[in-house]
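*Asks:* One structure, pasted below without further comment.
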Amino acid sequence: MSFTGVSESDVDRLYRVLKQEAEDGGYRFNPDSDFTKNLIRGILKNEQRYGYRACPCRLASGKSAEDLDIVCPCDYRDPDLSEYGACYCALYVSDAVAEGKQQPPPIPDRRPPRSERRKEAVVHTVATGPVMTLPLPVWRCRVCGYLCARNQPPDTCPICKVKKDRFERFI
């Protein structure tokens, strides 16, 4: 692949930074460094093109507010890792995939259609006062208190590194 304007030193630098951030957060980078660096070239090209690091495997709109869900690491990484062992673009993989014990199946794009993306919280008023209904449940790590809003808790807490079973539904 040829990515005009993306230097190999930029690719290597971002590779090292993202790999370290992944490991610090309890995630694994795809061990195929050539494949992974091609993805990083795409991320850097999207950053040049749009001003933000959109997933290289999805079409970005060029409007950051519309694409926040696909800025790497995207909102779909954790559910994809839990269900398939890799995220959609396979930049992040499970331990089993990283260790060669499992091959991820083809991963469908779980990004909803544009018309369904920006669901805002709805506030209902009841006798005791306003009650907020969020589009996603909020999960709390019982060890460190980390909060995240998503359909399922992460497999590993990015703060204290405990497993998914240490999370409870908070809201």
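*Asks:* Under 14 Å from the Cβ of ARG49, count the other residues' Cβ atoms, weight Lys and Arg +1, Asp and Glu -1, and hand me the total.
*Replies:* Computed value for this residue: +3.
*Asks:* Continuing with the same structure: Along the charge dipole of the chain, Cβ charges K/R +1 and D/E -1, which of PRO56, VAL6, ILE70 sits furthest on the positive end?
*Replies:* Ranked along the dipole, the leading option is ILE70.
*Asks:* What does the extension gain come out to for GLU23 and GLU116, with contour length at 0.36 nm per residue minus their alpha carbon separation?
*Replies:* Roughly 30.2 nm would be gained on extension.
*Asks:* Can you list which of the trypsin sites (Lys or Arg not before Pro) found in segment 1-90 are DSSP loop residues with at most 13 other C-beta atoms within 10 Å?
*Replies:* When the trypsin sites (Lys or Arg not before Pro) of segment 1-90 are filtered for loop state and at most 13 Cβ neighbours within 10 Å, LYS63 remain.
*Asks:* Rounded to the nearest 500 deg cm²/dmol, what is the calculated helix-only ellipticity per residue at 222 nm for the chain, with -39500 (n - 2.57) per DSSP H run of length n ≥ 4?
*Replies:* For the chain, the value works out to -9000 deg cm²/dmol.
*Asks:* I would also like to ask the following. Given 10 Å bins starting at zero, what is the percent of C-alpha pairs of the chain in each, up to the one with the largest pair distance?
*Replies:* Answer for the chain: a P(r) of 9, 32, 35, 17, 5, 1, 0 percent.
*Asks:* How much net charge surrounds LEU18 when only other residues with a Cβ under 13 Å from its Cβ are counted (Lys, Arg +1; Asp, Glu -1)?
*Replies:* My count for the surroundings of LEU18 gives +2.
*Asks:* Work out, step by step, the length gained on full extension between GLN102 and VAL138: first 0.36 nm times the residue separation, then minus their alpha carbon distance; give nm to one decimal.
*Replies:* Gain on extension, GLN102 to VAL138, equals 9.9 nm.
*Asks:* For the pair GLU8/SER82, report the inter-label distance in nm, with labels modelled 7 Å from Cα in the Cβ direction.
*Replies:* 4.1 nm
*Asks:* Expressed as an acute angle from 0 to 90° and rounded to the nearest 10, what is the orientation of the C-alpha long axis of helix 33-50 relative to the principal long axis of the chain?
*Replies:* 70 degrees
*Asks:* Just tell me which lysines come within less than 26 Å, Cα to Cα, of LYS101; anything on the same chain fewer than 8 places away is out.
*Replies:* Reachable lysines: LYS19, LYS37, LYS161, LYS163, LYS164.
*Asks:* On to the next question. Can you sort CYS157, CYS148 by how many other beta carbons sit within 10 Å, fewest first?
*Replies:* CYS148, CYS157
*Asks:* By how many degrees, 0 to 90 and rounded to 10, does the Cα axis of helix 8-24 deviate from the longest principal axis of the chain?
*Replies:* In the chain, helix 8-24 runs at an angle near 40 degrees to the longest axis.
*Asks:* Suppose the chain between ASN151 and ASP75 were pulled fully straight at 0.36 nm per residue; how much longer would it get relative to their current alpha carbon spacing?
*Replies:* Additional length available on full extension: 26.3 nm.
The numbers here are math on the coordinates, done by the rules we state, and not lab data. Nothing here was measured: the structure is a model prediction, and the numbers come from that model. For neighbour counting, all protein chains shown are included, and Cβ atoms are generated from backbone atoms with ideal geometry for every residue, glycine included.
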